[in-house]
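The values are calculated or read from the model by the stated rules, or taken from the named source; none is laboratory data. Everything numeric here is computed off the predicted structure, so don't read it as measured data. Here the Cβ positions follow ideal geometry from the backbone for every residue, glycine too, while neighbour counts run over all protein chains shown.
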Amino acid sequence: MRYSRMLIPTVKEVPADAEIPSHKLMVRAALIRKLASGTYTYLPLGFRCLQKVINIVREEMNRAGAQEILMPAVQPIELWRQTGRDVDYGETLGTFTDRHGRQNVLAPTAEEVVTNIAANEISSYKQLPMNIYQISFKFRDEFRPRFGVLRSREFIMKDSYSFHADDKCLDKTYKIMYDTYCRIFKRCGLDYVVVEAEVGEMGGSGSHQFTIPCESGEDTIVYTEDGSYAANLERAAVDPLPPSVIPSERSESRNLPKPEEVHTPNIGSIEAVCAFLKTRPGEMIKTLIYSAGDEVVAAIVRGDHDLNPEKFIQALGGKHAELADEAIIEKVTGAKVGFAGPMGIADKVSRMIIDHAVAAMAVGVTGANRTDYHTKNVVPGRDFRLDGDNITVADIRYAVDGDTHNGKNLLFKKGIEVGQVFKLGTKYSEKLGAKFLDEHGREKSCVMGCYGIGINRIVASAIEISRDDNGIIWPISIAPFEVLVTSVNQEEQKVARVAEDIYQQLLNKGVDILLDDRVLRGGVKFKDADLIGIPVTVTVGKKSVADGNIEIKLRAESKSKKVPIEKATDATIELVNSLKEKLKT
Ligand code: ATP
Ligand code: MG
């Protein structure tokens, strides 16, 4: 391709909403343009990157034995009602009513549709296992679209779904997909980390996320230094605090003063209570009242800890839970919102789930279940029960600095989730009737797995981790072009001819190449070259051509190499191949 004929409108200025490097560079290097909040047009360079990622993903999926299909982006809401996800997905689910009054979902993912296909097309164990995938647009009405294409409302996802006769077979495919993802990210030139993830409302029994560690990531990776454990923050399990501080095992707890109510007029928040009672959040006990279907559940965590909704949902056996509305809270606690406490609440709720760290507290301050009152000197285990039919002590909070896992210190770093694999089990197949007859003629529900990759996020995260002050440094596998030939003095016939020859020769050898044939100052061309970040550059300038040479340089390195004109093609191909070699799996 010729630069002079392409739409590559690079810019110096970035829009105010571009906060992170990849967003800024994608706009500056003319990869994308914003249409509206969370929706982007891919200009030619950006689209070429996307296509390269898609090709890698497709090659590896096919190699893994998955079959490509294409499902509609507009789905009838009835399917979503059958799984309950029309509610669980919340406002992120984009919907519209068509002219006949039918409600439709704009696909954020396709478990319902694909399971519907399986329900219709799979009848026998002989058809299993089956792994099908698509690469298509998804829509999610994200609350806060940001970071360019990293969190957009419309994006391209590769989503695959596998169907099995039993768990063992699912485990096999899950492993194959896990390995396939490793190959995909390696080929894309991404340094990734695999972390254990929570299944959340997807349901199912296991999940891993593929994450690119970097400052701009919205996810938090929690890991141990020796690498023996890595999980995302939603999942990261913490050790219970040392048993020695559990009050029931401490004789002096019996000697602690009795609970005492204190008047805290209009003081409901943890911060306000702490200021008023001159105590610290770590000495407070928070009581949160949740609605989980027909159940009311009390969650108890330490004042300085945050409830982890994913862990909480797991503790509830995967049941969807939301903070209860005011009326329920007032009914259960007998007090206005802000004054709930664990004392006496167990009998008023269906279940009470107490975080380990609360059980380990010697004494704390809690809401008094009486408007405008708190209670001091509350001893867990003495003043409210830590066991009982409807009482569970579990890990339901987010890990924090200082926590351990299997006795090892937990460390934290930011990352971008680029892909996730799930063992779904039979949640969808049961609800949507995806059944088969096994070899004994017995009817069973298909066991399922699902596997997603964000194509756009791969492009953006590659930029996050590979760039410098001047622009992008593409991994060769997903760069818009492999080689850039810059004709520095295009107005000089001889220079233009040498550049054109090298361009034609490389083109003939199948190299993906861009020729900068613009009649512009060299400085402008070099700036653009650095910005768009094509990995191998061949510079053809007046001076070196007069000496019979051109210069070859890697975008990632500062030094260039003089090469005789007649050897330019071979030397370039050698460099291209050496870069490709590094990304081989
Ligand atoms: P997140 O937690 O970041 O919202 P998710 O876990 O909901 O993502 P999945 O349902 O696992 O996303 O979707 C599979 C993949 O699709 C993700 O790993 C991610 O790469 C991509 N993806 C999800 N949401 C977006 C988005 N809003 N913009 C761009 N890519 C996305
Ligand atoms: Mg995910």
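Can you find a residue in segment 411-420 that is more than 30 Å from Asp159 (Cα to Cα), in contact (Cβ under 8 Å) with a residue 60 or more places away in the chain and surrounded by fewer than 24 Cβ atoms within 10 Å (Cβ to Cβ)? Within segment 411-420 (the criterion being more than 30 Å from Asp159 (Cα to Cα), in contact (Cβ under 8 Å) with a residue 60 or more places away in the chain and surrounded by fewer than 24 Cβ atoms within 10 Å (Cβ to Cβ)), the answer is yes, since at least one residue qualifies.
Among the residues of segment 515-537, is any under 30 Å from Asp191 (Cβ atoms) and of a type in the set (Gly, Ala, Ser)? Looking through segment 515-537, at least one residue is under 30 Å from Asp191 (Cβ atoms) and of a type in the set (Gly, Ala, Ser). Step by step: first the residues of segment 456-477, then only those that are surrounded by fewer than 24 Cβ atoms within 10 Å (Cβ to Cβ) and aliphatic (A, V, I, L, M), then the one that is nearest to ligand 2 (Cβ to nearest atom). Which residue is that? Only one residue tops the list, namely Ile465.
What residue, among those in segment 541-575 that are assigned to a loop (DSSP other than H, G, I, E, B) and among the basic types (Lys, Arg), is surrounded by the most Cβ atoms within 10 Å (Cβ to Cβ)?
If we filter segment 541-575 for residues that are assigned to a loop (DSSP other than H, G, I, E, B), which is where we start, we get 541, 547-548, 555-559.
Still in the list and also among the basic types (Lys, Arg): 555, 559.
On the way: Arg555: 24, Lys559: 7.
Here the residue is Arg555.
Val114 meets each of the listed conditions (1) closer than 30 Å to Leu437 by Cβ; (2) surrounded by fewer than 21 Cβ atoms within 10 Å (Cβ to Cβ) apart from (2). Of the residues Gly101, Gly84, Gly90, the single one that is more than 25 Å from the chain's Cα centre (by Cα), surrounded by fewer than 20 Cβ atoms within 10 Å (Cβ to Cβ) and at positive phi is Gly101. Looking at Ser216, Ser162, Ser228, Ser207, just one residue is closer than 30 Å to Lys444 by Cβ, more than 16 Å from ligand 2 (Cβ to nearest atom), among the small types (Gly, Ala, Ser) and in contact (Cβ under 8 Å) with a residue 12 or more places away in the chain, and that residue is Ser162.
Listed here are the residues, each with its yes/no results for (1) surrounded by 15 or more Cβ atoms within 10 Å (Cβ to Cβ); (2) within 16 Å of ligand 1 (Cβ to nearest atom); (3) of a type in the set (S, T, N, Q); (4) modelled with pLDDT of 90 or more.
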site	(1), (2), (3), (4)
Asn232	yes, yes, yes, yes
Val238	yes, no, no, yes
Ala272	no, no, no, yes
Ser291	yes, no, yes, yes
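Looking at Arg144, is it in contact with an Asp or Glu (Cβ under 7 Å, 6 or more places away or on another chain) and under 30 Å from Thr39 (Cβ atoms)? The answer is no for Arg144.
Tell me which residues, restricted to segment 432-461, are within 24 Å of Lys186 (Cβ to Cβ) and outside any strand (DSSP E or B).
Here is the first cut: in segment 432-461, the residues within 24 Å of Lys186 (Cβ to Cβ) are 449-461.
Once the filter is applied, which keeps residues that are within 24 Å of Lys186 (Cβ to Cβ) and outside any strand (DSSP E or B), segment 432-461 yields Ile455, Asn456, Arg457, Ile458, Val459, Ala460, Ser461.
One residue stands out in segment 401-428 among those that are under 30 Å from Glu78 (Cα atoms) and touching a Cys at 6+ places or on another chain (Cβ under 8 Å): the one that is farthest from ligand 2 (Cβ to nearest atom), namely Thr426. One residue stands out among those in segment 421-434 that are in contact with a helix residue (DSSP H, G or I) (Cβ under 7 Å, 6 or more places away or on another chain) and of a type outside the set (A, V, I, L, M): the one that is surrounded by the most Cβ atoms within 10 Å (Cβ to Cβ), which is Tyr428.
A search for C-beta distances below 8 Å between a residue of segment 349-377 that is within 17 Å of Val337 (Cβ to Cβ) and any residue that is part of a helix (DSSP H, G or I), counting only pairs 6+ apart in sequence or on different chains, returns Val349/Val332; Gly367/Thr333; Asn369/Thr333; His374/Val273; His374/Leu277.
Listed by first and then second residue, the pairs with beta-carbon distance under 7 Å, at least 6 apart or on different chains, first residue in segment 546-567 and among the charged types (D, E, K, R), second loosely packed, with under 11 Cβ neighbours inside 10 Å, form an empty list.
With the structure loaded, tell me whether Val576 is touching a residue at least 40 places away in the same chain (Cβ under 8 Å) and under 23 Å from Glu492 (Cβ atoms) or whether it fails that test.
Numbers: touching a residue at least 40 places away in the same chain (Cβ under 8 Å): yes; under 23 Å from Glu492 (Cβ atoms): no.
Here the answer is no, as Val576 does not meet what is asked.
Tell me, which strands (runs of 3 or more DSSP E) lie completely within segment 333-431 with 3 or more residues that are more than 36 Å from the chain's Cα centre (by Cα) and farther than 30 Å from Ile122 by Cβ? Please lay out each step first, then the result.
Numbers: elements: 351-355, 364-367, 373-378, 391-394, 408-425.
In segment 333-431, the matching strands (runs of 3 or more DSSP E) lie at 364-367, 373-378.
Sub-8 Å Cβ pairs linking a first residue in segment 449-469 that is free of Cβ contacts under 8 Å to residues at least 24 places away in the same chain to a second residue that is surrounded by 23 or more Cβ atoms within 10 Å (Cβ to Cβ) and β-branched (Val, Ile, Thr), at least 6 apart or interchain, number zero. Criterion applied to Ala299, Ala315 was being closer than 20 Å to Arg382 by Cα and touching a residue at least 60 places away in the same chain (Cβ under 8 Å), and the one residue passing it is Ala299. Candidates in segment 33-62 are the residues that are within 12 Å of Gly148 (Cα to Cα) and within 21 Å of the chain's Cα centre (by Cα); of these, the one that is surrounded by the fewest Cβ atoms within 10 Å (Cβ to Cβ) is Ser37. Report yes if Ala110 is among the small types (Gly, Ala, Ser) and within 13 Å of ligand 1 (Cβ to nearest atom), otherwise no. It is true that Ala110 is among the small types (Gly, Ala, Ser) and within 13 Å of ligand 1 (Cβ to nearest atom).
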